[in-house]
Amino acid sequence: MALQELHATTILACKGKDKAVIGGDGQVSFGNSVLKGNATKIRTLGSGKVLGGFAGSTADAFNLFDMFEKHLDNAKGDILKAAVEFSKEWRKDKYLRRLEAMMIVLNTEHIFILTGNGDVVEPEDGKIAAIGSGGNFAISAARALDRHAKLDTEKLVKESLLVAGELCVFTNTNIKTLSLEKEK
């Protein structure tokens, strides 16, 4: 599921059978200019048990990641409870709720898109989500590859983000990914 188009970046997350993967491009844009091509917009949270990605202002990303991680700690790693409490706080904060920003958080069990409007959206298929300006390109490629190619989850995310990077002027092909293995 891709929500609200931001001219900021592209983040794609996918929950596979044995692995959860998040990826993002490296482009930082300011208006029609590229300021940086190798930014990192994804990170590991919750003692390495949750992945997160951000579309929006970099300075805001640090604040929101820290805020989410506090809720994750308070919820003892329960990603659903942390996402709901985080979204409530984000929505109530007069400054933060005005940010044109979105986040994806996931573990091997759940995947959520979070917004300052208080949205906590789990994709209908429960496994693929995208945000940012190239989100619709990335999710389209991911769904097609998921249906018709036998790709590992990490390769599916990388290939889908490459497609987005070739089509969206606010997204590049400098792709970074993080993954979590399902505990057995």
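The values are calculated or read from the model by the stated rules, or taken from the named source; none is laboratory data. Nothing here was measured: the structure is a model prediction, and the numbers come from that model. Note: ideal-geometry Cβ built from the backbone for every residue, glycine included; neighbour counts use all protein chains shown.
Observations, loosely collected:
- Screening A75 with (1) out of contact with any strand residue (DSSP E or B) (no Cβ under 9 Å at 6 or more places or on another chain); (2) in contact (Cβ under 8 Å) with a residue 24 or more places away in the chain gives one miss only, at (2).
- Some residue of the stretch 11-24 being free of Cβ contacts under 8 Å to residues at least 40 places away in the same chain, assigned to a strand (DSSP E or B) and surrounded by fewer than 19 Cβ atoms within 10 Å (Cβ to Cβ): no
- The residues listed here are A82, A141; of these, the one that is more than 21 Å from T9 (Cα to Cα), of a type outside the set (D, E) and either more than 17 Å from the chain's Cα centre (by Cα) or modelled with pLDDT of 95 or more (or both) is A82.
- Any chance V84 is surrounded by fewer than 24 Cβ atoms within 10 Å (Cβ to Cβ), of a type in the set (A, V, I, L, M) and under 18 Å from L162 (Cβ atoms): no
- Test: residue in the stretch 42-61 that is basic (K, R) and either buried (at least 24 other Cβ atoms within 10 Å of the Cβ) or without any contact (Cβ under 8 Å) to a residue 60 or more places away in the chain (or both): no
- Restricting the first member to the stretch 129-151 and to residues that are within 16 Å of D25 (Cα to Cα), and the second to residues that are assigned to a helix (DSSP H, G or I) and among the hydroxyl-bearing types (S, T, Y), the beta-carbon pairs closer than 6 Å and six or more apart or on different chains are A138/S160; A141/S160; A142/S160.
- Hits in the stretch 105-118 - residues which are of a type outside the set (S, T, N, Q) and either within 14 Å of the chain's Cα centre (by Cα) or assigned to a strand (DSSP E or B) (or both): V105, L106, H110, I111, F112, I113, L114
- Boolean, G132 is more than 12 Å from the chain's Cα centre (by Cα) and at positive phi: no
- Under the condition of being surrounded by 16 or more Cβ atoms within 10 Å (Cβ to Cβ), out of contact with any Cys (no Cβ under 9 Å at 6 or more places or on another chain) and not β-branched (V, I, T), the residues counted in the stretch 98-118 number 9.
- Verdict on G77 being out of contact with any Cys (no Cβ under 6 Å at 6 or more places or on another chain), surrounded by fewer than 16 Cβ atoms within 10 Å (Cβ to Cβ) and under 18 Å from R43 (Cα atoms): yes
- Set side by side, the residues A138, A149 differ, and just one is hydrophobic (A, V, I, L, M, F, W, C) and surrounded by fewer than 16 Cβ atoms within 10 Å (Cβ to Cβ), which is A149.
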